[in-house]
Amino acid sequence: MGNGARQKGLRAGPRLPMTHAQIMAQWYFSKIQKEQPPAPAGTYAIYLLRMSKLSTPLSASLDALPNVIVTASILPFVTSTDWLNFRLQSRKFYEIVHGHDVGAALQGFGDDVGATQQQNEDEESKALWCLALVRDYRFDYRFEHQKGDEEDDGCRPLMYQTMRCNPDPDDEINPFLSTSNVFTASTAFISWKHWRKIDICLHHDEHGQQFDVSPSAQLVGPYFLRAAHLWRKIEQFCSDESLTGDLGPMIQSTLHPGVRFGRSLVEEGYQDGKLSAFKAVYSFYAGQSLGDRDGMVLPGLFGGYNVYDHLSHSCWSSPEVLTGSKVVVTKDVNDLKLTVFDVESGDLGIYFRSTRSRTPGTKAVRYGNSDDQILRWFENHANLLQKYSVGRLTPGGFKSILRYPSLNDPTNCSHAVTRGVEVVASSIYAVEIGGMFVFSIRMRMLRPEEPDYMSPEERGFDTCQLVSRYWRITHGGEVEEVRGAGVVGYYPLLREGDHESLVSDDGGRTFHEEDSGEGIREKYFSYQSCTDGGEGSMEGYLQFKAGSILGGAGEVFDVRVAPFPLKFPQCYQY
C-alpha cells in the first residue's frame, strides 16, 4: 500500500501496525484488483505466512497481531511444515509456535502478569501442536481433551505418547520400532516431531521425496501405540516363566525384527490400500522363522491343537503375496490354513489351500474390512495368550501354545477334583474340520503341596488307571450320551506328579506305554476328541480303578468332569 500511495502523489506516513481487520481488508482488496474471487481462509493464511517472510509493512503488521489471532485464525489453516518455516521469521513467531522464554519478553509488566502470560502462551503452543497431532496423525482431540483433565494426577494425554524409530533402512538386526522406545514426550511438539520422523521413514524415498498415499494408508499414531501395547503383552507372555517355561524365550527368538513396510508396499503398487494398521503391526516384529532348529520344530506365535490325525499349528508370517492384493499373515505347519489380509479392502479372513494345487480355496471365515481390522484381530490374540497354557500338541510331540482355554479362563474352562484326581476340560471351535468342536480333557493326580490334595491313606490308593468314559452333550435342545472304554485308545495310569500313557490295542486286555519321544512326560495326561452339532455344553465322568486294571482287586470310582461350554468364537479364530 505504501507504493500505491507514492504513485498517487501522497506522502507515505509512518509504518503503523494494522489491525487484523485491516490486513484482511488489504488482502481482499488485492484479490479484487486482480479480478480474483476471495479465497477461503486457508489460502488467506498461506498468503499471510508468505508475506511474513518479506520485509514489508505487512510483515511488520503480522508481527504486531495478537498471538491469539495468529494461532486461531492463521496457523490452523496451513501445514505443520509451514509452521516450522513461520517460526524462523522472528522471535515472537518462534515463541508462538513453541511457547519458550515468553516471560523474558514481558519485562516491566510485573512478575504476576508475566507468569500468567507465560502460562497462556504455553497453552496456545500446546493447543497448536495438539491440533497438528490430530490433523497429521489422526489422534482424537475430543478424547484427548477429556484425558488431559487427568494431568493433575500425573497422567498425560495419549497424544503425548510417542516413540523413537530406527532410521537406518539397511539395519537387519534392530527393529524399525521397539516397544522399549515408547515414551511420554514433555510437549506436544516433541511428540509430533517423533511421529514426523516415523512418517518420513515410512513414506519418503532415499532422496527425501514423499510418496503419495491415500488417507487409509497414512501414518495413524494411535494405531502404532496400540501395536506397541499388544507386542508388549506378547513380550511379557514370552518372558513369564510361570506361564511359558522355556517355550516363551524360544518363541521370542523366532520373531523377526520389525521393518518399515511403507516403501516396499508402495513399490508393489499398494499405496492406496487400507494399510495404516498393517504398517503399525509389522513395524515392531515382521514374522517368524519357520521350520526346524537343532532338530526341534519352532513354536508358532498362534499355537495350535491336535485331534486324531489333524494338527493345527500357526505361525506369524512375513507378508507374503498370495494372489492379487491378498497377503498371508499367518500360516499353519502344513501351509494349508492361512490368515489372509487384503491390502486394498482391509478385509481379513481364513483361507484354505488345496492340497493338490496349493492355491487358495474357499474363504472359511470373514472378519470384515474396517481400517484397523488386522490390529483388532492381533489385539484379541495378545489378550487370549494369558488364557492359554503350553504343552505338547501330541504325546512326545513338540511344545506349543495350546489354544484350548486353560484354568486362567474359568468362563470357558471347567475344573473338578475327585479323590485327589483333577480334571480340566475345555473346547474350541475348529472351522477347518467341518465346523466341529474340539474338546481337550486334561487329568492328573495332585501333589502334596497343592490345594485339594489327598494322601494315599485318604484316597485309598497310590495309583489309579482310567477304565472308561461317559459324556453328556447338550446342544440345540437335544441331549446326546456317549460311553466307551478308555479315551481314544489310551488308558492312562496316574500317580502323584506323574503318569504313564498306556495304550491298549485289544480293548483293555493288555497295555504298553507309548514312547514319549524325548522321555519327558507332561504335567497332565491330555487327550483331544471332537463333537459336532450347535452350541451347548458338555459334562460327564471318567471311571478309574484304584491301583491298575491288571493289578487285581481294586475299587472302581467315578471322577467328575464339570460342565464346560461348546460355543462359537465371539470374534476371531486363529
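The values are calculated or read from the model by the stated rules, or taken from the named source; none is laboratory data. All values reported here derive from a predicted model rather than from experimental measurement. We place every Cβ from the backbone using ideal geometry, glycine too, and count neighbours over all the protein chains shown. Each accessible area value is taken on the protein alone, full model and side chains, heavy atoms only, with ligands, DNA and RNA left out. Shrake-Rupley method; radii C 1.70, N 1.55, O 1.52, S 1.80 Å.
Here are Y429, Y453, Y490: which of them is more than 22 Å from L393 (Cα to Cα) and open to solvent by 20 Å² or more (accessible area, probe 1.4 Å)?
Just one listed residue meets the conditions, Y453.
Step by step: first the residues of the range 405-422, then only those that are of a type in the set (D, E, K, R) and open to solvent by less than 30 Å² (accessible area, probe 1.4 Å), then the one that is farthest from Q570 (Cα to Cα). Which residue is that?
Pass one, the range 405-422, residues of a type in the set (D, E, K, R): 409, 419, 422.
In the following step, the residues that additionally are open to solvent by less than 30 Å² (accessible area, probe 1.4 Å) were identified as 409, 422.
Numbers: D409: 15, E422: 29 Å.
The qualifying residue farthest from Q570 (Cα to Cα) is E422.
Being part of a loop (DSSP other than H, G, I, E, B) and either buried (at least 20 other Cβ atoms within 10 Å of the Cβ) or in contact (Cβ under 8 Å) with a residue 12 or more places away in the chain (or both): is that true of D212 here?
yes
Go through the range 323-334 and count every residue that is out of contact with any Ser or Thr (no Cβ under 6 Å at 6 or more places or on another chain) and surrounded by 18 or more Cβ atoms within 10 Å (Cβ to Cβ).
Counting residues in the range 323-334 that are out of contact with any Ser or Thr (no Cβ under 6 Å at 6 or more places or on another chain) and surrounded by 18 or more Cβ atoms within 10 Å (Cβ to Cβ) gives 3.
Would you check which residues across the range 386-404 are open to solvent by less than 40 Å² (accessible area, probe 1.4 Å) and under 16 Å from T244 (Cβ atoms) and list them? I'd like the intermediate steps shown before the answer.
As a first pass, look at the range 386-404 and keep what is open to solvent by less than 40 Å² (accessible area, probe 1.4 Å): 388-389, 391-393, 396-397, 400-404.
The answer is Y388, S389, G391, R392, L393, S400, I401, L402, R403, Y404.
Residue-wise test of (1) open to solvent by less than 10 Å² (accessible area, probe 1.4 Å); (2) over 17 Å from the mean Cα position of the chain (by Cα); (3) among the small types (G, A, S); (4) modelled with pLDDT of 90 or more.
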position	(1), (2), (3), (4)
R260	no, no, no, no
S264	no, yes, yes, no
Q271	no, yes, no, no
K274	no, no, no, no
V281	yes, no, no, yes
V297	no, yes, no, no
G300	yes, no, yes, yes
D309	no, yes, no, no
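Which pairs have Cβ atoms under 7 Å, sit 6 or more apart or on different chains, and link a residue in the range 162-185 that is closer than 18 Å to I200 by Cα and touching a residue at least 12 places away in the same chain (Cβ under 8 Å) to one that is among the β-branched types (V, I, T) and open to solvent by less than 80 Å² (accessible area, probe 1.4 Å)?
Within 7 Å, the pairs are M163/V182; C165/I198; F176/V259.
Where residues in the range 522-545 are surrounded by 17 or more Cβ atoms within 10 Å (Cβ to Cβ) and in a loop (DSSP other than H, G, I, E, B), which of them is modelled with the lowest pLDDT?
Per the stated criteria, the residue is E522.
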